[in-house]
Structure formats: C-alpha cells, structure tokens
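Trainee: A single structure is presented below for examination.
Please treat every number below as a calculation from the coordinates, not as lab data. The structure presented is a predicted model; accordingly, all values stated were derived computationally and were not measured. Using ideal geometry, Cβ is built from the backbone for each residue, glycine included, and neighbour counts are taken over all protein chains shown.
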Amino acid sequence: MASSEVERSSSLVLLESVALWGCLAIIVWAAWAGQQAVVVVPALLLVTGVLGRLWSRYALNRVSYERVVSEHRAFPGEEIDLTVRITNGKLLPVAWMRADDQVPARLAPDVSHWQPSDDGRGGTLVHLASLLWYRRISWNYKLCCRRRGLYVLGPVRLTSGDAFGFFARQLHVPATEQLIVYPRILPVEELEPLAHQPLGDLRAGQPIFEDPSRTVGIRDYRPADALKRIHWKASARRQRLQVRVYEPTTTPQSVLVLGLEGFGNDTVEEEEHFELAVSAIASLANRSIAQRQATGLIVNGGLPDGRDFVCLQPAAGHEDLMRILEVLAAVAPVPTRPLPELLLEENRQLPWGASLMLVVGAVDEVLLEALRQLQQQGRRVSFCALGAEFDPLVGLGVPVQRLALGITPEMRMNR
C-alpha cells in the first residue's frame with residue numbers, strides 16, 4: 001500500500017519520558033539511602049516501561065493492511081466483495097491491534113463492527129486482532145451498492161502497542177480504493193427520433209441525402225447526372241447510358257442535456273427528484289446507443305473533479321456509454337455554469353444535425369430564449385418531461401416529449 005506516517009502526541013511522549021525517568025530517580029535514591037524494599041517496585045516498573053516502549057516502537061513495523069475489492073464499477077442493487085487482510089511480517093508479535101477503515105454509509109456492509117459517523121454519510125469499519133510472528137488474518141464482506149455515486153474506501157488508521165497496554169502508536173495509511181456505482185437504468189417507452197445526419201445507418205423517409213456506398217438500383221441517364229454515377233457495365237448491356245441509384249440514409253444523433261438549475265438535495269423529495277432525472281438521462285443514453293444511435297452528453301457542473309461543465313461528443317460505442325454513465329454517477333445538483341450560456345457556446349462544437357434533448361429542474365425565459373436561438377440556427381431541441389412535469393412545459397415554443405420510466409415497487413424500495 002501507499003507510504004505511511006507514524007504519528008504520536010508530543011504530550012504523551014513527554015509523559016512517558018517523565019514516568020520512566022521518575023522511576024530511575026527513585027531507584028537511585030533508594031539505592032543511595034539503602035532502602036532495598038523500595039527499589040523493587042520502581043525497578044519492575046522501569047523494566048516493564050522500557051520493554052513496553054520498545055515493543056510499542058516496533059509493533060507496527062512491517063505490518064501491512066491490504067484491501068481487495070472484486071469490482072470497481074457496479075450498478076445499484078449489486079454487491080461487491082471486499083476482502084481485508086492484515087499481515088505481520090516480523091518476529092515480534094502484535095499483541096493487539098485496531099484498524100479503522102473509512103467506508104461510505106451507502107456501501108456499508110451489514111455487520112456489527114461497522115460504526116456510522118455523526119453525519120450519517122460515512123462510517124468506520126473496525127477490525128480488532130492480535131497476530132503472532134509472520135501471520136495473516138483476513139475478513140470478507142459484501143458491500144451493498146444502494147445508490148449511484150463516486151465512493152472512496154479509506155484511508156486507514158492502525159493502532160497498536162505493547163502487551164501491557166502502557167504505550168500505543170498509530171499508523172495512518174493513506175491508500176484508498178475508488179468505486180463507481182452507475183445510475184440506475186430503467187426501461188424507456190418508445191420515443192420519436194429527433195436528430196438526423198446524412199450518410200448514416202437508418203433508411204430515410206425523404207431522399208435528400210444519398211449514401212454512395214449503398215447502390216439500390218439503376219435508371220436511365222439524365223443530363224443533370226454526374227459522370228461518376230454512370231454504371232458502365234449496365235450501360236453496355238442495355239445499349240444506353242445507365243446511372244446508379246443510391247439509398248438515402250440518415251444517422252440519428254442526439255445530445256442529452258442535464259440542466260442542474262432547479263434541482264436540490266436538501267430534502268428527501270428533492271434528492272429523489274434529482275436521482276430520477278439522472279436515471280432518465282442514463283436510460284435514454286443506454287437506449288439510444290443500444291440502437292446504434294450516436295449520443296452525447298452536456299452537464300453544466302456538479303462534477304467532483306472541479307470542472308465547470310462536461311460536453312461529450314455524440315458517439316455510439318460501448319465505451320462511450322460507459323463514459324456517459326461515469327459522469328452521471330458522480331454528478332451533484334450544483335450548477336457552476338449557466339445552462340443557456342453553455343448551450344450557445346458549445347453549439348458550435350456539436351455535429352451538424354445533432355439534436356438536443358433536455359432534462360432540467362427549472363425553465364426560465366433566459367433558457368427559452370437560448371433554445372429559440374438554437375432553433376433559428378437549425379438545431380432541433382426538445383424537453384424531456386418526467387411525469388407531472390409535462391403540462392407546465394407545453395406551450396413554451398419548444399417541443400416536449402413525455403418520458404415514462406418502468407419503475408417497479410422493488411426499485412422504489414431499493415432507492
């Protein structure tokens with residue numbers, strides 16, 4: 001594991017030194033005064049103190065704490081195996097030891113020696129052990145992934161000392177493990193595709209753009225046809241010029257937008273509302289990419305790494321879906337960039353023909369004006385409404401799609 005640092009209180013060290021030197025002074029005085037009976041007790045205390053101090057000094061030497069997790073990524077409702085190992089790699093036994101490992105409350109195993117913190121968000125997994133020379137002890141746990149998030153296991157504080165319990169030392173191990181719990185993905189009712197880009201994979205209803213890699217037939221030559229379209233073999237067979245007919249195609253491309261304004265986590269209702277919005281974005285991304293539709297993501301803040309926003313370009317690979325889910329796993333309802341300003345700025349970076357589908361916590365006139373500007377520039381935009389949010393969004397001049405997620409009673413209990 002990572003390098004560690006031993007820390008001891010300066011006042012405790014001073015007290016130990018005063019006690020030992022006091023015993024030595026009593027022994028010297030008793031020997032000089034000829035009080036042999038008085039020498040015995042301080043001598044025993046001095047020997048015990050010196051041995052205990054030496055034992056405490058080396059108690060945590062070559063002691064390692066190892067934390068092993070079976071997975072670093074999971075979905076809500078899944079369990080992750082956690083194995084903790086403490087090894088004593090020296091001849092000197094570890095008479096007693098306490099290991100306090102920090103574990104988030106939303107991953108806490110169902111065991112008696114997990115102690116929650118005062119704020120209820122974290123807690124400590126406490127291990128008590130004693131090890132002989134060159135021995136190892138291990139514990140196995142099941143971490144319950146209750147809700148999406150970016151979680152950190154650790155750091156660890158090891159405490160040990162001498163067998164008499166006089167002296168104690170602490171070892172702080174800063175090594176941590178990062179776990180990502182993706183947002184919940186729910187079934188999505190059928191939605192009408194919004195974005196179209198020429199030269200793609202889906203057959204278009206209107207033959208405006210043609211894919212030259214897909215020939216569907218031939219026809220007679222017309223004066224306006226380009227020479228590169230002439231099918232020379234067919235022309236030779238029919239004794240008149242023939243040209244290739246290409247299949248018109250389009251590629252749906254969409255950018256999912258999560259606007260953080262209007263969301264909060266001060267109450268349980270606000271927190272659940274935001275979690276539902278994040279699950280909606282994740283579910284739409286999963287559905288679109290499963291249908292081989294390029295999908296991107298825009299979020300205006302709420303990122304743990306300090307970025308003001310994130311803008312992922314539309315793509316349709318499995319890795320691209322995982323990238324979207326990782327962003328959504330860590331996002332919090334804390335906007336750092338105004339959404340209207342961000343959309344107008346990033347619009348120049350998005351592919352032509354890609355549509356914007358917004359899930360927002362609040363709609364104001366500034367946002368509506370920005371969306372109208374995007375519509376005037378040819379960008380297709382729409383709101384994605386969750387349940388009761390549909391009616392207030394109707395009549396604002398921006399298309400609205402109602403999104404119904406397949407939430408079962410079991411999912412409500414897990415949330």
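Trainee: What residues have an amide H closer than 5 Å to that of THR124, excluding those fewer than 5 places away on the same chain, when H is modeled at 1.01 Å from N in the peptide plane?
Mentor: Distant-sequence amide H within range of THR124: VAL103, GLN115, SER117.
Trainee: Full extension from ARG98 to GLU369: what is 0.36 nm times the residue separation minus their Cα-Cα distance, to one decimal in nm? Before the final figure, lay out each step's value.
Mentor: Working: separation 271, 0.36 × 271 = 97.56 nm, distance 6.03 nm.
91.5 nm is the gain from fully extending ARG98 to GLU369.
Trainee: Give the Cα extents of the stretch 71-186 along the principal axes, in whole Å, largest first.
Mentor: Here the Cα extents, ordered largest to smallest, are 57, 29, 24 Å.
Trainee: A further question on this structure: For THR83 paired with ARG237, estimate the spin-label separation in nm (one decimal), with each label point 7 Å from Cα along the Cα-to-Cβ line.
Mentor: With each label placed 7 Å out from Cα toward Cβ, I get 6.6 nm.
Trainee: So, one more: Starting from the 7 Å offset along Cα-to-Cβ, what nm value, one decimal, do you get for the label separation of LYS90 and ARG219?
Mentor: 8.8
Trainee: Working only with C-alpha atoms, what are the Rg and Dmax values of the stretch 263-341, expressed in angstrom?
Mentor: Over the stretch 263-341's Cα set, Rg and Dmax evaluate to 12.9, 38 Å.
Trainee: Here is a further query. How large is ³J(HN,Hα), in whole Hz, for each residue of the stretch 252-258 in order, when computed from phi with the Karplus curve 6.51 cos²θ - 1.76 cosθ + 1.60 and θ = phi - 60°, using x for Gly and Pro?
Mentor: Going residue by residue, I get x, 10, 9, 10, 7, 10, 10 Hz, with x marking Gly and Pro.
Trainee: How would you order 86-96, 279-289, 360-370, 256-266 from highest to lowest mean count of nearby Cβ atoms within 10 Å?
Mentor: 279-289, 256-266, 86-96, 360-370
Trainee: How far apart, in nanometres, would the label points at ALA315 and ASN61 be if each is projected 7 angstrom from Cα along the Cα-to-Cβ direction?
Mentor: 5.1
Trainee: On full extension of the chain, what length is gained from ASP118 through GLN377, given 0.36 nm per residue of separation minus the C-alpha to C-alpha distance? The partial results should precede the final answer.
Mentor: Working: separation 259, 0.36 × 259 = 93.24 nm, distance 5.29 nm.
The ASP118-GLN377 span can extend by a further 88.0 nm.
Trainee: For the stretch 293-310, take each phi angle, set θ = phi - 60°, evaluate the Karplus expression 6.51 cos²θ - 1.76 cosθ + 1.60, and give the result in whole Hz per residue in order, putting x for glycine and proline.
Mentor: So the J values, rounded to whole Hz, are 9, 4, 9, x, 8, 10, 9, 9, x, x, 9, x, 7, x, 5, 6, 6, 9.
Trainee: Further, regarding this structure: Can you compute 3J(HN,Hα) from phi for each residue in the stretch 380-385, using the Karplus curve 6.51 cos²θ - 1.76 cosθ + 1.60 with θ = phi - 60°, rounded to whole Hz and x for Gly and Pro?
Mentor: 3J(HN,Hα) across the stretch 380-385, in whole Hz: 8, 10, 7, 8, 10, 9.
Trainee: Quick check for me: using +1 on Lys/Arg Cβ and -1 on Asp/Glu Cβ, what's the dipole size of the stretch 48-130 about its Cα centre, in debye to the nearest 20?
Mentor: Details: 10 positive and 10 negative charges, 135 e Å.
For this selection, approximately 660 debye.
Trainee: Give me, ordered by chain and number, the residues 5 or more places off ALA316 or on other chains with an amide H under 5 Å from its own placed amide H.
Mentor: Hits under the 5 Å cutoff: THR295.
Trainee: What residues have an amide H closer than 5 Å to that of VAL156, excluding those fewer than 5 places away on the same chain, when H is modeled at 1.01 Å from N in the peptide plane?
Mentor: VAL173, ALA175
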